[in-house]
Each structure stands twice: as structure tokens, then as C-alpha cells.
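Before any comments, here is the structure.
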Amino acid sequence: MIRGLITTVALVGAGALIGLFWEEWQIVRLAEPAAAGPAPSAANSTNAPQESAPPQLSVANRIKVEVLNGVGEAGVARRFAAQLRALGFDVVATDNADHFEHQVTYVLDRSGRLGAARQVANGVHADSVAVALDADLFLDATVVVGHDWREVLGRN
């Protein structure tokens, strides 16, 4: 009886872990061929470094983001929101964080689409991504701006 219960719990746990990482694996796997891109032709080859344009997302597929001011300085969340909007993200809200003592800027994965949270982190040049799922927010990611915000914005 107990052995069967332990086996059932282990199988359900393993299935849950596989399910959590399945979508992320698909996103990374599908992104690999596109990342290689077409081979450069002689007509457009130059010695100047080329900057890659941000991926253009359709309105239905745009990543939904909120930006929270974690430092207490007026306008900080608005600056990050403007940067994200310029990159094609759908910034649906800006607000204050739960407190103003956040030392570093980080991104929270809210929907379980870790690939989307990583794209947001790359967009604002944040080094940290954490998972804090909250389906009630109807968001893909939350950016919490920390006291390193000048350095983070300066990485552009």
C-alpha cells in the first residue's frame, strides 16, 4: 500500500517536472535554426558589425510585461517601460514594487514561459530571472527595477 503510494507520488512529480520544462525546451529548440540565419552574401558583407533587430512579434503573440519601481525614484519604471515598448513588448502596467530596497534589477517569470521572461531580461539587460508563477496577473513577466538601474540602462 505505502509502496504504491510512494511510486504514484514519484511518477506524478516526475511528470510535473517534465511538463514544466517541455515548453521551454520547445522554445529553445525552435529558436536554434532561426538563430543561425541565412549565410551572409557578398553584397551585404561589410567590416562594420551588424546589430540584430529585435524579433517582431504579432499583436497576439506579444509578451505581456509589467514594470515595478523597486527604488522609489520617480519615472524609473516609466523609462524601463519605454525601452521595452521600443523592443516590441506589450507593457501593460507600471507601478511601485512592494518596497524600495531592491538592490538589483531582475525579471520574474509569471506564466511559465521561461523563454519569454528571458527575452524580457535580455531586452532590459537584466542578469537575473526567477520564477514566480501567478496566472491571475495575465502576464508573461514582471520587471522589478533595482538600485542598479542606471548601470542596467547604460548597457544599451
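The values are calculated or read from the model by the stated rules, or taken from the named source; none is laboratory data. Only a predicted model underlies this, so the values are computations on that prediction, with no experimental measurement involved. Heads up, the Cβs are rebuilt from the backbone with ideal geometry, glycines too, and the neighbour counts pull from every protein chain shown.
The table that follows gives values for the structure above.
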quantity	calculated
Among (1) closer than 18 Å to LEU153 by Cα; (2) out of contact with any Lys or Arg (no Cβ under 8 Å at 6 or more places or on another chain); (3) free of Cβ contacts under 8 Å to residues at least 24 places away in the same chain - the single one TYR106 does not satisfy	(3)
Search result, residues across the range 95-107 that are crowded, with 16+ Cβ neighbours inside 10 Å and out of contact with any Asp or Glu (no Cβ under 7 Å at 6 or more places or on another chain)	ALA97, HIS102, TYR106, VAL107
VAL129 without any contact (Cβ under 8 Å) to a residue 24 or more places away in the chain, part of a strand (DSSP E or B) and surrounded by 13 or more Cβ atoms within 10 Å (Cβ to Cβ)	yes
Selection from the range 91-122 of residues that are farther than 13 Å from LEU68 by Cα and part of a strand (DSSP E or B)	ASP109
Check on VAL104, over 16 Å from GLY72 (Cα atoms) and not charged (D, E, K, R)	no
Filter pass, VAL71 being in the same structural domain as VAL143 (by TED's automatic domain parsing), among the β-branched types (Val, Ile, Thr), at pLDDT 50 or above and more than 17 Å from ASP140 (Cβ to Cβ)	yes
